[in-house]
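Participant: Below you will find the structure I want to go over with you.
Values in this text are rule-based calculations from the coordinates and carry no lab data. Here the structure is a predicted model, which means the values were calculated and not measured. Using ideal geometry, Cβ is built from the backbone for each residue, glycine included, and neighbour counts are taken over all protein chains shown.
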Number of protein chains: 2
Amino acid sequence: MRKRKTPYGLFESRAKVAKALAHPSRLMILDALEEAPHCVCELTELVGADQSTVSKHLSVLKSAGLIQGRREGSLVWYSLSVSCLKGFWNCIDGVLKNDVDVRRQALKK
Amino acid sequence: MRKRKTPYGLFESRAKVAKALAHPSRLMILDALEEAPHCVCELTELVGADQSTVSKHLSVLKSAGLIQGRREGSLVWYSLSVSCLKGFWNCIDGVLKNDVDVRRQALKK
DNA sequence: TTCGCATATGGCCGTATAGCCATATCGCCA
DNA sequence: TGGCGATATGGCTATACGGCCATATGCGAA
């Protein structure tokens with residue numbers, strides 16, 4: 001096996017981003033932000049959890065570098081910082097769609 | 001806020017994929033598999049953890065639909081099932097690079 | 001079939017995460 | 001400045017995850 005060239009630290013950084021993506025509520029938030037910026041109150045209503053919970057989710061997404069917040073009066077408007085999510089999920093969703101078939105094939109062996 | 005059209009189940013499926021990506025060792029494994037298929041023994045050496053630990057990591061990746069295993073004799077060769085990871089991380093790594101600057105900007109306000 | 005290597009699984013423990021409630025902070029406005 | 005709505009943070013508990021060891025399973029060779 002060839003010597004690995006990628007430093008371990010990079011995998012840790014990436015893992016942090018992936019962790020931020022690893023929750024349905026946060027993915028729902030990101031999905032909403034694809035459309036337009038939203039304030040915390042809107043996102044709280046969307047997710048349907050406690051406001052403090054949503055605030056923590058946003059904090060996770062922000063510290064992962066995926067979103068940014070901009071205060072305007074008493075509201076904070078969050079928006080996406082990255083453009084690659086949509087394309088990524090398109091690809092992944094395709095894999096998920098094929099998943100049933102793949103498993104069926106795997107069972108045949 | 002416009003009514004959400006994406007079903008919650010999809011976010012849960014995506015979250016499962018993201019969870020699978022949310023560990024440096026698993027990312028290291030995926031990175032190695034970009035290059036070529038590898039057997040468990042090779043990946044165990046690469047990761048530097050217990051064989052049982054690596055096997056569990058592989059199981060997580062497999063059930064997320066990201067890799068597939070193919071037994072050949074007593075070895076099992078794992079390979080990627082998806083092609084979108086490389087591009088995704090390219091984009092994300094870019095964000096991570098800018099992260100320092102972004103934070104510096106954020107502090108200025 | 002029996003042994004031995006490669007891989008998978010079960011069990012256990014320590015740590016991390018999500019959730020809520022309570023409360024602190026921030027900005028506006030009177 | 002004091003009060004109020006919006007957002008963030010601290011504290012707590014329950015659950016999930018990662019790690020290892022021990023052990024089970026799969027497969028080829030003798």
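Participant: Taking only segment B:44-100 into account, find how many residues are of a type in the set (A, V, I, L, M) and in contact with a strand residue (DSSP E or B) (Cβ under 8 Å, 6 or more places away or on another chain).
Facilitator: Our first condition is that a residue be of a type in the set (A, V, I, L, M); within segment B:44-100, this holds for B:46-47, B:49, B:54, B:58, B:60-61, B:64, B:66-67, B:75-76, B:80, B:82, B:85, B:92, B:95-96, B:100.
Then keep just the ones that are in contact with a strand residue (DSSP E or B) (Cβ under 8 Å, 6 or more places away or on another chain); that gives B:46, B:58, B:61, B:66-67, B:75-76, B:80.
Counting residues in segment B:44-100 that are of a type in the set (A, V, I, L, M) and in contact with a strand residue (DSSP E or B) (Cβ under 8 Å, 6 or more places away or on another chain) gives 8.
Participant: For the structure I just gave you, tell me whether B:Leu27 is at the interface with chain A (Cβ under 7 Å from one of its Cβ atoms), away from DNA strand C (no atom under 12 Å from the Cβ), in contact (Cβ under 8 Å) with a residue 12 or more places away in the chain and closer than 29 Å to A:Ser25 by Cβ.
Facilitator: So B:Leu27 fails the test.
Participant: Of everything in segment A:49-76, what is of a type outside the set (A, V, I, L, M) and more than 10 Å from chain B (Cβ to nearest Cβ)? Give them in sequence order.
Facilitator: Listed by number, the residues that qualify are A:Asp50, A:Gln51, A:Ser52, A:Thr53, A:Ser55, A:Lys56, A:His57, A:Ser59, A:Glu72, A:Gly73, A:Ser74.
Participant: Looking at segment B:13-95, what helices (runs of 4 or more DSSP H) fall wholly within it and have at least 3 residues that are under 26 Å from A:Asn90 (Cβ atoms)?
Facilitator: Correct list: B:24-35, B:51-63.
Participant: Look through segment A:52-86, keep the residues that are crowded, with 16+ Cβ neighbours inside 10 Å and among the polar types (S, T, N, Q), and return whichever of them is farthest from DNA strand D (Cβ to nearest atom).
Facilitator: My answer is A:Ser81.
Participant: Scan segment A:30-57 for residues that are closer than 20 Å to A:Ser83 by Cα and within 11 Å of DNA strand C (Cβ to nearest atom) and report the count.
Facilitator: 1
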